[in-house]
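Trainee: Next up is a structure, given as structure tokens.
The values are calculated or read from the model by the stated rules, or taken from the named source; none is laboratory data. In this text, all values refer to a predicted model and were calculated from it rather than measured experimentally. Cβ placement follows ideal geometry from the backbone for every residue including glycine, while neighbour counts extend to all protein chains displayed.
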Amino acid sequence: MPSARTLDGLERAIVDHLFDLAPGAAVFLGRHEYDGRLPDLSTAGTDRWLAGAEGLRAELDALPPPAASGRAIDRRLLELLLESPAFNLRDARELERNPMSYLGAASMTSYLVRDYAPAADRVRAMIATLRGVPALLGTGRARLDDVLPMPFVALAETIGRGLPSHFDEVEAFTVARAPEMRGELDEARAAAQDALASFLLRLERHWRPKATPEFALGPERFQRLLWVREGIRTPFEEIREAGQRDLERNQARLAELARSSPGGPSVDALLESLYVDHPSSGELIAETRGFVDEARALVLEKRLATIPEPSSCRVEETPSYGRALSTASMNPPGPFERHGDEGIYFVTPVDPAWSPARQEEWLRSLNRPMLRNITVHEVYPGHYLQFLHHRRAPTSLVRKVGMSDCFTEGWAHYCEQLAVEAGFRGGAPSAEAAQLHDALLRDCRLLAAIGLHTGGMTLEQATGLFVREAHMERLPAEREAIRGTFNPEYFCYTLGKLAILEARRRHLAPDFGGDLGRFHDRLLSFGAPPVGMIEELLGGASA
């Protein structure tokens, strides 16, 4: 039977259905009617969601083909918007295997960092979130398998131990901005913290002793992951080979830089010259602010892309909740956010509780050349610039909602190479060395993701890959390997970059007369579509 709804009506219904399962994503995108909502992750709740998704898919399949080519692409995007979470629930079994799925929903950073509404409204949303935590964690206790992957357990413990500090931030905000709500908040926090303590105790005493080293998706599910996330049918082995070639190109160029560097022919010596050039703990945030200005000036001087105005990005320390898994990150204005275009660039500071040696190790990783490269990735012309375009792009609803990791991270990673090509820092070898160092890291992420999930690669072998091929010290290499167990999509940096470079190769000269700025503006006008669709979008997009 033909659908009673038009494509426009189905588009709205599918987006609303997605946000029922992922209200936190809606808040991140600026849909604040979802503030304070936590998802129903019970088996009954997700079964209802899956049944609803199947009904919407049937309606979508019954529609006649859209007349406009752009809407034909949107229709396929809507299919993926339904298939992707269904993959998480059915194929990856995230809610049975990964305790982080429950802890992550307790984040209230969106309410703390962005002044989108009166403080009392934001505190009200945080109180609602805290009130939902006991039921959410209770669902996790009931639904999680008896035996869980050890890396998932270990990281869930780390995240869970950081949540009380996050609750402290919520309390401090309330005391400062809405003190009349302190009693209500304290009551909700006490219940949430009791539930968290119980969940952590079960992780420690029940799941940790039984944990298994097994975590892999397996070849079939990994291949399907490429489709539901990125619209890619390319066999993963071909993607692995492309990643290996990129690794070898980057290694060869880094070795060439080392041979001509004053420190001698060793790559390790070249990288050591970067590590020692780092700010002090007290200088970290102030210097990063200067790097933001420097990166912005490059975009304007070289006309790499249009910077939509108004634009403003502030630099802050990473909230305590996010420090376990982040060195630096961007909290951008969502496409539906009505209250300003400001970006928030988080940089993780030194922890005063660390030993002096650990503090020095952290600052070495945030040395000036690498921190500049990170700033290019996170701010200009990377994530922040991309989100400014995304907010203004005349795209459909589904393109504002369906954001591809490969496109967003691929764009930001591509921008690191773009900045070097544009002569960042006057063509200083240290700038290119930092860019290549991070490129090797992303190459190894792609190789590790495919190896860990399709090739029987062990955590020890993945750690060795990062140490050997990306010149990493063991502790951060172990952290990278563990990340690949629960986030196989960290292949997205290199895969997305390679897709954008291929699109540039094919279209820059014939369609844009070699004008990089016009090419980049056009690419960013699409939103953040799956990279498997870039060629189709550009094919009908001559300047």
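Trainee: All but one of (1) closer than 21 Å to residue 400 by Cβ; (2) modelled with pLDDT under 95; (3) among the acidic types (Asp, Glu) hold for residue 535; state the number of the condition that does not hold.
Mentor: All conditions are met except number (1).
Trainee: Select the helices (runs of 4 or more DSSP H) contained entirely in region 347-426, then report the ones holding at least 1 residues which are small (Gly, Ala, Ser) and buried (at least 23 other Cβ atoms within 10 Å of the Cβ).
Mentor: Here the list reads 405-421.
Trainee: Does at least one position in region 110-124 carry a residue that is assigned to a helix (DSSP H, G or I), touching a strand residue (DSSP E or B) at 6+ places or on another chain (Cβ under 6 Å) and not aromatic (Phe, Trp, Tyr)?
Mentor: Within region 110-124, one or more residues are assigned to a helix (DSSP H, G or I), touching a strand residue (DSSP E or B) at 6+ places or on another chain (Cβ under 6 Å) and not aromatic (Phe, Trp, Tyr).
Trainee: Look through 425, 442, 391 and report the one residue that is of a type in the set (D, E, K, R) and modelled with pLDDT of 95 or more.
Mentor: 442
Trainee: Consider residue 82 carefully, then state whether it is touching a residue at least 60 places away in the same chain (Cβ under 8 Å), closer than 19 Å to residue 401 by Cα, within 22 Å of the chain's Cα centre (by Cα) and assigned to a helix (DSSP H, G or I).
Mentor: Yes; evaluated as a whole, the condition is true for this residue.
Trainee: I'm trying to understand the selection: among the residues of region 467-501, which are buried (at least 21 other Cβ atoms within 10 Å of the Cβ) and among the polar types (S, T, N, Q)?
Mentor: Residues satisfying the conditions are 485, 494.
Trainee: Would a scan of region 186-193 turn up a residue that is in contact (Cβ under 8 Å) with a residue 60 or more places away in the chain and of a type outside the set (Gly, Ala, Ser)?
Mentor: First pass over region 186-193, keeping only residues in contact (Cβ under 8 Å) with a residue 60 or more places away in the chain: 188, 191-192.
Remaining after also requiring of a type outside the set (Gly, Ala, Ser): none.
Checked against the condition, which is being in contact (Cβ under 8 Å) with a residue 60 or more places away in the chain and of a type outside the set (Gly, Ala, Ser), region 186-193 yields no hits at all.
Trainee: Taking residue 328 as the residue in question, decide whether it is within 30 Å of residue 161 (Cβ to Cβ), hydrophobic (A, V, I, L, M, F, W, C) and surrounded by 18 or more Cβ atoms within 10 Å (Cβ to Cβ).
Mentor: Yes; evaluated as a whole, the condition is true for this residue.
Trainee: Going residue by residue through region 286-301, is there one that turns out to be outside any helix (DSSP H, G or I) and either closer than 30 Å to residue 167 by Cβ or in contact (Cβ under 8 Å) with a residue 12 or more places away in the chain (or both)? Walk me through how you get there before you give the answer.
Mentor: Step one: of region 286-301, the residues outside any helix (DSSP H, G or I) are none.
The answer is no, given that none of the residues of region 286-301 is outside any helix (DSSP H, G or I) and either closer than 30 Å to residue 167 by Cβ or in contact (Cβ under 8 Å) with a residue 12 or more places away in the chain (or both).
Trainee: Given the conditions (1) within 30 Å of residue 154 (Cβ to Cβ); (2) at pLDDT 95 or above; (3) surrounded by fewer than 18 Cβ atoms within 10 Å (Cβ to Cβ), which single one is not true for residue 516?
Mentor: (1)
Trainee: May I ask you to list the residues in region 427-475 that are of a type in the set (Gly, Ala, Ser) and in a helix (DSSP H, G or I)?
Mentor: Listed by number, the residues that qualify are 427, 430, 431, 433, 434, 439, 448, 449, 451, 462, 464, 470.
Trainee: Can you tell which of 106, 117, 92, 86 is more than 30 Å from residue 222 (Cα to Cα) and of a type in the set (Gly, Ala, Ser)?
Mentor: The match here is 117.
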